[in-house]
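K.L.:
I have a structure I would like to understand better, so I am pasting it below and will then ask my questions one at a time.
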Amino acid sequence: MNYVRSIIDILKQRVESEPRRFIQVIYGPRQVGKTTLVQQFLKQTDLPYHYTSADAVTAADSVWISQQWEAARLRCRQASGKKAVLVIDEIQKIENWSEWVKKEWDSDSAASLGLYVILLGSSRLLLQRGLTESLAGRYESTYAGHWSYSEMKEAFGLTPEQFVWFGGYPGAVPLMDDEMRWKQYVRDSLIETTVSKDILMLTRVDKPALMKRLFELGCQYSGQILSYNKLLGQLLDAGNTTTLSHYVNLLDSAGLLAGLEKFSPNRIRQRSSSPKFQVYNTALISAQHSLSFEQARHQPDAWGRLVESAVGAHLLNHSRGVGFNLSYWRHGNDEVDFVVEKGGQVFALEIKSGATQRRSGMQAFAKKHQPHKVLLIGNSGLPWQEFLQINPETL
């Protein structure tokens, strides 16, 4: 639960110690504990607060934000230290939310009111759009991602193998002993809810059935490179490559599935490359799998692909949190599983889980791009169980 503690520490530092007011935005996928960690912070602070959620509010009811703000202002004026905290959960559900937040925030600034604001949201795309358009210079953002193996191990005692199969959803842990119930919970309460509430209700999607099928295929091929043209051949409602690319971006913004781009110094070529599908959480694969945990453990190919996806998810979640770029590389028959870029340095990572016998591309990549470091994970390299406990930023 490292990120939980770190975010709570960030909130305590900024609210209780810093004189400068701010809007703290915490965003990330559903069911990773954003609400819980903020409630833990509220229990620990001595400041008065007003907590509310927009989850059941009508999207067009933007006046609701002003009503909640007034309730928080009342607590602030009554407080001995003239400071208070306002928390609004699921803020992206309100249309034009950022304009109303800006209006109320600027009003408090003019009145020198010590109200600190925390906004929570599960749709990165919609949150970032509002922040960019209206709140520039007024906010700081923190990403709360899927739980890592270290966090699941510390909180629930999961083994590395359990984490590979059951993933990093803390709320699903009590159902692990009944795998059918666990799979149903992940499909209905996590996947379907995220798609329905964070994508379909808030973004225009002309072909929702196509997007759902794309998500299923993306999970099935997680860790593999697949062109959009090849995908079209497996989709009944084909659409076009532009539509598929857009839907992958929406799934990415909801913290479900990413389409990693090919590494290239030429950004135009990079964006036109075939994507490498990568889930954010391996539970998204397991919940749709016909095999059980024990059956998958005894099928080397299936298990190897899950291990590779777990390593990829570990890198992907950290990339969103600390801001490094994650991609892959392929040239002819040579391939490198993951390429990490940060601060002008390039790191190449290759995974050897036994799932595939493809030719290593590390030597070809090193010759062409001179990476700062290369790392082999798995067979004859750093054990994948150990890598899942490392913060990739330390590379």
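No value in this document is a laboratory result; all are computed from the given coordinates. Only a predicted model underlies this, so the values are computations on that prediction, with no experimental measurement involved. Using ideal geometry, Cβ is built from the backbone for each residue, glycine included, and neighbour counts are taken over all protein chains shown.
K.L.:
Considering only DSSP beta bridges whose two residues both sit in the chain, what percent are antiparallel, to the nearest 5?
P.N.:
In the chain, approximately 35 percent of DSSP beta bridges are antiparallel ones.
K.L.:
May I ask for the angle, rounded to the nearest 10°, between helix 63-78 and the longest principal axis of the chain, with both axes built from Cα atoms and the value confined to 0 to 90°?
P.N.:
For 63-78 against the chain, the angle is about 60 degrees.
K.L.:
Is there a quick way to get the dipole size of the stretch 63-188? I mean about its Cα centre, with the Cβ of Lys and Arg at +1 and of Asp and Glu at -1; what is the value in debye to the nearest 20?
P.N.:
Charge dipole of the stretch 63-188: 500 debye, to the nearest 20.
K.L.:
In nm, to one decimal, how far is the Ser80 label point from the Gln345 one, both placed 7 Å along Cα→Cβ?
P.N.:
Each label point lies 7 Å from its Cα, and together they span 4.9 nm.
K.L.:
Between beta-carbons, use under 11 Å as the cut-off and find the net charge around Trp384, counting Lys and Arg +1, Asp and Glu -1.
P.N.:
Here the count lands on -2.
K.L.:
When the dipole is taken about the Cα centre of the stretch 282-358, and only Lys, Arg (+1) and Asp, Glu (-1) are charged at their Cβ, what size is it in debye, to the nearest 20?
P.N.:
Details: 7 positive and 8 negative charges, 28 e Å.
Roughly 140 debye, rounded to the nearest 20.
K.L.:
Going by alpha carbons, how many degrees (0 to 90, nearest 10) lie between the helix axis of 2-16 and the longest principal axis of the chain?
P.N.:
Long axis of 2-16 versus the principal axis of the chain: about 20 degrees.
K.L.:
Something else about it: Fully extended, how many nm does the chain gain between Ser109 and Leu291 (0.36 nm per residue separation, minus their Cα-Cα distance)?
P.N.:
Going from the current span to full extension adds 59.8 nm.
K.L.:
Same structure again: Express the relative contact order of the stretch 149-394 as a whole percentage, based on alpha carbon pairs under 8 Å and six or more residues apart in sequence.
P.N.:
Over the stretch 149-394, the number comes to 17 percent.
K.L.:
What net charge is computed for the residues neighbouring Lys82, neighbours being all others with C-beta under 13 Å from the C-beta of Lys82, Lys and Arg scored +1, Asp and Glu -1?
P.N.:
With Lys, Arg at +1 and Asp, Glu at -1, the net is +4.
K.L.:
With labels modelled as points extended 7 Å from the Cα through the Cβ direction, what inter-label distance (nm, one decimal) is found for Ser227 paired with Glu393?
P.N.:
Modelled inter-label distance: 3.9 nm.
K.L.:
So, one more: Along the Cα→Cβ direction, 7 angstrom out, place labels at Lys373 and Leu200. What is the inter-label distance in nm?
P.N.:
4.3
K.L.:
Note down the Stokes-Einstein diffusion coefficient of the stretch 149-394 in µm²/s, whole number, using a Kirkwood radius over alpha carbon pairs, 20 °C, and 1.002 mPa s.
P.N.:
Here the translational diffusion coefficient equals 115 µm²/s.
K.L.:
Then there's this: Determine the distance separating the Cα centre of the stretch 300-329 from the Cα centre of the stretch 380-395; give it in Å without decimals.
P.N.:
Each part reduced to its Cα centre gives a spacing of 11 Å.
K.L.:
Shifting gears a bit: How much length, in nm to one decimal, is gained on full extension between Met176 and Leu47, taken as 0.36 nm per residue of separation minus their Cα-Cα distance?
P.N.:
Full-extension gain reported as 42.6 nm.
K.L.:
While we're on this one: With angles folded into 0 to 90 degrees, how steeply does helix 208-220 sit against the dominant principal axis of the chain? Use alpha carbons for both and round to 10.
P.N.:
50
K.L.:
Extension gain Leu382-Arg14, at 0.36 nm per residue separation less the Cα-Cα distance, in nm?
P.N.:
128.7 nm
K.L.:
What are the trypsin sites (Lys or Arg not before Pro) within the stretch 175-206 that DSSP puts in a loop, where the Cβ has at most 15 other Cβ atoms within 10 Å?
P.N.:
Arg204
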